[in-house]
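Visitor: One structure is given below, represented as structure tokens, and several questions about it will come after.
What follows draws every value from the coordinates through simple rules; no lab data is involved. Predicted model only: the values in this text are computed from it and were never measured. Backbone-built Cβ (ideal geometry, glycine too); neighbour counts: all protein chains shown.
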Amino acid sequence: MSTVSVPQEGNTPHDRRRWYALLILSLSLMLVIMDSTIVNVAIPSISEDFDASFNSVEWVNTIYSLVYAATLILWGKIGDQYGRRLMFLIGVVIFGLGSGLVGAASSIEMLIAMRALQGLGAAVLSPSTLSIITTTFKGKERGIAFGIWGATAGVAAALGPLLGGWVITNASWRWAFYINIPVVVAAFFGSLWAIREARDLTSKHYFDIVGTLLGGFGLAGIVFGIIEGQSYGWWKPERDFSVLGVTWPSDAISIVPVSIIGGLLLLLLFAWYEIRLERRGTEPLFEFGLFRFRSYRYGLLTGMIVNLGEIGVLFAATLFLQGTKGLSALDTGIALLPLAGLAFVAAPLAGSFSARIGPKWIITTGMIIEAIMLLLLSLAITPDVTVTTIALILGFYGLGLGLTIAQLQNLVLYDIPNDKSGIASGANSTIRQVGAALGIAIIGTVLTTTTANTLRDEFQTDSDLAAVPFVGAMEDQLVAMAQQPIFFDFEEMFSQPGGMPMGLFGSPDSAEGMPPVAAGEPDAASEGGPPPGVSGDPGAATAVQGQALDRAFDTSRSSAMANAALVAAFFVGIGALSSLRMPNPKEVAAHR
């Protein structure tokens, strides 16, 4: 049983300030959730600002979820023993520092590292919010507090893309992170004033550092392999992999399969180690024995798949709307508003229907709606699809999402004993973040692979493209450009009096793989002439040929988005089947 280190009387200053404490906790939760959704609409601007590869911008999103998932439970246990308010304060400081450094990043590598720092801050502060609410509110007030706290998550999901889009459009992507800082400062000092310290004084907790490292590095190995497979080669090395001055030594096998297999082995070792701790009576990080409860076993699987589909599809849709349809960040946020809005509306409806038929059927119905909408999206996505069509389909997808998420959290813990609810809840949050990381990695790989394959096919079959003077020699560079989440208007470029801007291919990244310039020759691109190895005058490309290149880009990116939606529909379908295996409290009660 948990106890706190201060008196529980209802007339203490902290008790009188408890609703201010709830406001602070809810605003902090809003920051954590909004930060992940804001990044989606910021990715095209980040990619363009740093001339970053698609893989790099994938890591901007994925690293946050990875660090969050790997350390969440550990920090929750540390907070239980050493003070939940203390850990909340530390988490807020880390998150704020990471936000400022992300905004000030001078390279994509620094930005990724600071996103990891943000993820660490989120993992430190998040477990404390629920624990503090539990110890601060009693009786009916606790239900009201949890309702407000949960509603905040819905509001954050709805406002994230919209607020982020407005800031990015009117200022820059950097300010999407800088705006966290005043909220962080207010949360820090406000929590000192309004939140009482609380800790578990009854037992010593075992801090499973080994399990955290095994699980974290295992998951990281798998995600690295999925994201970087196309860059370094799925089996044979396609380019050198170097880290800290050390280069991967093998020419026979790529780092990618080694990373994936190594990650799987580490996760197996993690499972063995955790089961061993459990059998010894030591508190493990992840209690595998809880899988004997049906609601928990299938609830975790369903929750992971929900996040995999949701985060993966949001990631892909955001890139498609900005990179292919040419929307601004603000317009993208508006287009995504129906998804978040209907999810927010569906949550209370789910509660009402759940009281009549039980949460299981609400969850299954929600996931079926999600799967159907994703299938429709995969069929609807073409180069000519309207933004209204996409927004409408995603809106109904959000309706299913709201029905699912609103009830899944409670049903996962339905038959878990009270003394195990803490570790079970932490594992549930962790698995959902694992789903988010895997969703971005898998969907991102589908996007890049489909884009490359479809565009190369277009180059072979489109006679208008074959007439573009530089396409043959610049095929690899054009494929790399199509994989970037950036909007290109080649028709407009080729309509200009000077023809194609040579600077389009003039950056070091875009020059990678081009035919080498002979010793003593000037770099033609930098001198304003055609790129090395390109016959003819690129400036002679016409608006018609630019239109053909636009069409090829749109076709390849649309095929990629359609495939991403199809893959997400497959996973959500598995989630719907998994949800059928969960118990339904309404039916269980009727048979008692």
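Visitor: In which sequence would 489, 35, 415 go, from the one with the fewest C-beta neighbours within 10 Å to the one with the most? Walk me through the numbers before you get to the answer.
Guide: Working: 489 14, 35 25, 415 17.
Least crowded to most crowded, the residues run 489, 415, 35.
Visitor: Relative contact order, percent, of the range 10-201 when contacts are C-alpha pairs under 8 Å separated by at least 6 residues? Could you put the intermediate results ahead of the total?
Guide: Numbers: 263 pairs, mean separation 75.6, N = 192.
Value for the range 10-201: 39 percent.
Visitor: To make sure I understand, if each residue's beta carbon is the centre and we count other beta carbons within 10 Å, what order do 239, 356 fall in, fewest to most?
Guide: Working: 239 12, 356 9.
Lowest to highest Cβ neighbour count: 356, 239.
Visitor: Cα-based Rg of the range 209-282 per 2.2 N^0.38 Å, rounded to two decimals? The partial results should precede the final answer.
Guide: Details: Rg = 14.9 Å, N = 74, 2.2 N^0.38 = 11.3 Å.
In units of the globular-protein estimate, the range 209-282 measures up at 1.32.
Visitor: Per-residue HN-Hα couplings for the range 363-371, Karplus 6.51 cos²θ - 1.76 cosθ + 1.60 at θ = phi - 60°, whole Hz, x for Gly and Pro?
Guide: Result, ordered by residue: 4, 4, 4, x, 6, 5, 4, 4, 4 Hz.
Visitor: Turning to a different aspect of this structure: Cα-Cα over 25 Å: which of 236/325; 77/360; 77/138? Before the final figure, lay out the partial values.
Guide: Details: 236/325 35 Å; 77/360 30 Å; 77/138 22 Å.
Pairs exceeding 25 Å: 236/325; 77/360.
Visitor: I would also like to ask the following. So how strong a dipole does the range 312-422 carry about its Cα centre when Lys and Arg Cβ are +1 and Asp and Glu Cβ are -1, to the nearest 20 debye? Working shown, then result.
Guide: Values: 4 positive and 5 negative charges, 31 e Å.
The dipole of the range 312-422 has a size of about 140 debye.
Visitor: Kirkwood hydrodynamic radius (Cα pairs, Å) of the range 34-123? Can you show the working numbers first?
Guide: Details: mean 1/r = 0.0742 Å⁻¹.
Evaluated over the range 34-123, this radius sits at 13.5 Å.
Visitor: Here's something else I'd like to know. Output the relative contact order of the range 209-282, whole-number percent, from Cα pairs under 8 angstrom with separation of 6+ residues.
Guide: 41 percent
Visitor: Return 405, 179 ranked ascending by Cβ neighbour count within 10 Å, so the fewest neighbours appear first.
Guide: Ordered by Cβ neighbours within 10 Å, fewest first: 179, 405.
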